[in-house]
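Input: a single structure, listed below in structure tokens.
The values are calculated or read from the model by the stated rules, or taken from the named source; none is laboratory data. It should be emphasised that the depicted structure is a prediction, and the values quoted were computed from it without experimental measurement. Here Cβ is always computed from backbone atoms with ideal geometry, including for glycine, and neighbour counts include all displayed protein chains. Only protein heavy atoms, including side chains, enter the accessible area calculation; ligands, DNA and RNA are left aside. Shrake-Rupley method; radii C 1.70, N 1.55, O 1.52, S 1.80 Å.
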Amino acid sequence: MHFQFDVSPYSTTTTTVEPPVAVPLSEAADLLRQILEVQREQLNYLRASAAAHDMASRWRAFLNRWQEDFPDLSGSCRVALPILERTYGKLIAELVEHLGQNGDDALENDFSLQEFLDRYGMRLAQLGTILNLVGPLAEAGSQGESA
């Protein structure tokens, strides 16, 4: 076998690099002021966005708005929350135990799947929704009292 390689010499083309154009000091200061102004605007937008998405402040506002009609709502939610959490935990433990006892056959066919969903699905979903409503109310009240 015979190979032939054509190697041409590496040629460098010299390009002239122009030195950066010096910007007058007043223009640079003006540009920096504009950048600072834009950053301040962005900061204000971010703060407004964070405030709009702060669910704890929404629940605190709810509690403050209805303080006269429901004076101990937050305290009652703090009392009810551990009971709801314990019940939710028990239901999940029961679900896991059911799956453990029945093994792979637990959800094998449509009938067993439907029975499983009838037994656990709706109760877990509804209890989870209740927890997602009571929990933030309990936290918002305790944050409001400590502030």
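If you build a Gaussian network model of the chain, linking Cα atoms that sit under 10 Å apart, which residue out of ASN64, ASN109, ASN132 swings the most? Largest GNM mean-square fluctuation: ASN109.
Sparsely packed loop sites in the range 57-134 (the GluC sites (Glu not before Pro) outside DSSP H, G, I, E and B with at most 12 other Cβ atoms within 10 Å) comprise GLU68, GLU108. Here the relative contact order of the chain, from alpha carbon pairs under 8 Å that lie six or more residues apart, stands at 35 percent.
When the solvent-accessible area of the chain is split by element, carbon and sulfur atoms take up 59 percent of it, the probe being 1.4 Å. Label zone (ARG119, point 7 Å along Cα-to-C-beta; backbone nitrogen cut-off 15 Å) within the range 61-100: 91-100. Note on ILE92 and GLU18: their simple-model spin labels are 6.6 nm apart, each label 7 Å out from Cα toward Cβ. Applying 0.36 nm per residue to the separation of ALA80 and VAL7 and subtracting their alpha-carbon distance, the gain on full extension is 17.9 nm. Per residue, the convex hull spanned by the Cα atoms of the range 84-125 measures out at 53 cubic angstrom. The alpha-carbon atoms of the chain, seen along their principal axes, cover 80, 72, 23 angstrom, with the largest extent given first. Accessible surface computed residue by residue for the range 43-101, with neighbouring protein chains in place and a 1.4 Å probe, gives 77 Å² per residue.
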